[in-house]
Amino acid sequence: MFTIDDLADRLGGYLPPDEIQQVKRAFYYAEQAHDGQRRRSGEPYVTHPLAVANILANMHMDHQSLMAAMLHDVIEDTGVSKKALAAQFGKPVAELVDGVSKLTQITFEDKAVAQAENFQKMVLAMSRDIRVIIVKLADRLHNMRTLGALRPDKKRRIARETLEIYARIAGRLGINTIRVELEDLSFQAIHPMRAERIKRAVASARGNRRSAMREIQASLQQSLDDEGLKGTVIGRQKHLLSIYKKMRDQRKPFAEIMDVFGFRIITEDVASCYRILGVVHNLYKPVPGRFKDYIAIPKANGYQSLHTTLFGQRGMPIEVQIRTREMEAMANNGIAAHWLYKAGQTAHPIAEGSHARARAWVKGLLEMQRHAGDSLEFIEHVKNDLFPDDVYVFTPKGDIMELPQGATVIDFAYSVHTDIGNNCIACRIDRHLAPLSTRLESGQTLEIITAPGARPNLAWRISSPLPRRAPPFAMR
Ligand code: MN
């Protein structure tokens, strides 16, 4: 069994002894407070907060977040007051615990209005301290890992909520290790049979492909070594939900999805990324139109990497991602990478940038909340916002604006400024006049023409998620 001493050992890798001591103190306090309480599995309750703290330790979160993780159910389940926690552990930790407790009371099962109001509460809690949501995500992850023998309908409800809300927030904050695991656990709870079939198919396909994978990996590595470029080539696996979604949305047979070989190359610096790109394009022919430069234009959640697809032997596509170590940390931990670097005392510009972006996102949600007519309208905005496939457009001055997929010129106008939105009457896209209802595409430059008192047709704004296709399921 995993103990507090195991955790303390692990923390020794990145926290000073006095902070580790405080984390231990929080554990013993929680152990006493939850004394006599058990989890559904029969284990002592405190194993849960300990596991949550361990998830955060893997992300190298700071000691206050870990203390809050230890204490996160104490107010809710044992009647200890926030004031008492503040006296024992200081105000920041007490505030974090209070924030997580408030999120715990929120459920998204009820009617849409209640759901929207709850989401607003959630945004408020996040805006005070973004660590609240990170602790909450770790809490939800451990609960999903231990869904166990819950009634199937209850399991499905929790899994849906996890998929709709928490996995998306994790994605929006770039915390991909948590997002991917939440998605796969939810998928398994909602569609146990389908998940099982895909899992088995993946295992057998993996066995068949092993030698081909090794061959490609070796030839990529060799070509880097020949050029004297430092880089490590690793094989990539797709996760269950992403395979399922490809089958469902793109109607691709399983075999075709698995026919793609995925690799990642981790290197030292940005210049090496582009040089390595040249080397792999020289080794295998690139597939036209598939190259994406997320280093020059990062995704909304801070993700940076070069993506390219190559024609391998016998025409097998090879997908390659090329990035630096910092970009890799960002891709896995997103906003949490901020604390990762803070702990090492070397604040990294990428991590700092992501933290600033996350704050901007939460601030944007608050703004939206103020402008939205009612809670339902707000939640629709948020749902759009949580779809991570953003489009990027430019202002005439060359500033990059990010908007959700399906956004129109009017959305752009409002994202520049509410007054511009209220007064826009026309627009130029790449210098050509275009209607306000035009859907935006990445790379366009937009110039908004305003006139005082003009009232644009707000029906052209995106207010509901894009229609999704029905989910047929066929597997070969
Ligand atoms: Mn909990």
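The values are calculated or read from the model by the stated rules, or taken from the named source; none is laboratory data. The structure presented is a predicted model; accordingly, all values stated were derived computationally and were not measured. Here Cβ is always computed from backbone atoms with ideal geometry, including for glycine, and neighbour counts include all displayed protein chains. Heads up: the accessible areas ignore ligands, DNA and RNA and are worked out on the full protein's heavy atoms, side chains in. Shrake-Rupley method; radii C 1.70, N 1.55, O 1.52, S 1.80 Å.
Using the structure shown, decide if Leu150 is open to solvent by less than 30 Å² (accessible area, probe 1.4 Å) and modelled with pLDDT of 90 or more.
For Leu150, the condition - open to solvent by less than 30 Å² (accessible area, probe 1.4 Å) and modelled with pLDDT of 90 or more - is not met.
For the stretch 23-37, indicate whether the set of residues that are closer than 25 Å to Ala337 by Cβ, away from the ligand (no atom under 16 Å from the Cβ), open to solvent by less than 60 Å² (accessible area, probe 1.4 Å) and within 31 Å of the chain's Cα centre (by Cα) is non-empty.
Yes, the stretch 23-37 has at least one match.
Could you pull out every one of the helices (runs of 4 or more DSSP H) wholly within the stretch 230-348 that has 1 or more residues that are among the basic types (Lys, Arg) and touching a residue at least 40 places away in the same chain (Cβ under 8 Å)? Write out each step before concluding.
On the way: elements: 240-249, 254-258, 270-283, 325-333, 337-343.
Result: 240-249, 270-283, 325-333, 337-343.
Would you pick out the residues in the stretch 47-74 that are of a type in the set (A, V, I, L, M, F, W, C) and more than 13 Å from the ligand (Cβ to nearest atom)?
Of everything in the stretch 47-74, those that are of a type in the set (A, V, I, L, M, F, W, C) and more than 13 Å from the ligand (Cβ to nearest atom) turn out to be Ala57, Met59, Met61, Leu66, Met67.
Among the residues of the stretch 206-257, how many are β-branched (Val, Ile, Thr) and open to solvent by 60 Å² or more (accessible area, probe 1.4 Å)?
Qualifying residue count, the stretch 206-257: 2.
The rows are residues; the columns are (1) more than 27 Å from the chain's Cα centre (by Cα); (2) buried (at least 18 other Cβ atoms within 10 Å of the Cβ); (3) of a type in the set (D, E, K, R); (4) modelled with pLDDT of 90 or more.
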{"site": "Val416", "(1), (2), (3), (4)": "no, no, no, no"}
{"site": "Leu436", "(1), (2), (3), (4)": "yes, yes, no, no"}
{"site": "Arg439", "(1), (2), (3), (4)": "no, no, yes, no"}
{"site": "Ser442", "(1), (2), (3), (4)": "no, no, no, no"}
{"site": "Ile448", "(1), (2), (3), (4)": "yes, yes, no, yes"}
{"site": "Leu458", "(1), (2), (3), (4)": "yes, no, no, no"}
{"site": "Arg461", "(1), (2), (3), (4)": "no, yes, yes, no"}
{"site": "Pro465", "(1), (2), (3), (4)": "no, no, no, no"}
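Hey, any hits in the stretch 85-101 for a residue that's within 28 Å of Arg156 (Cα to Cα), hydrophobic (A, V, I, L, M, F, W, C), at pLDDT 85 or above and within 14 Å of the ligand (Cβ to nearest atom)?
yes
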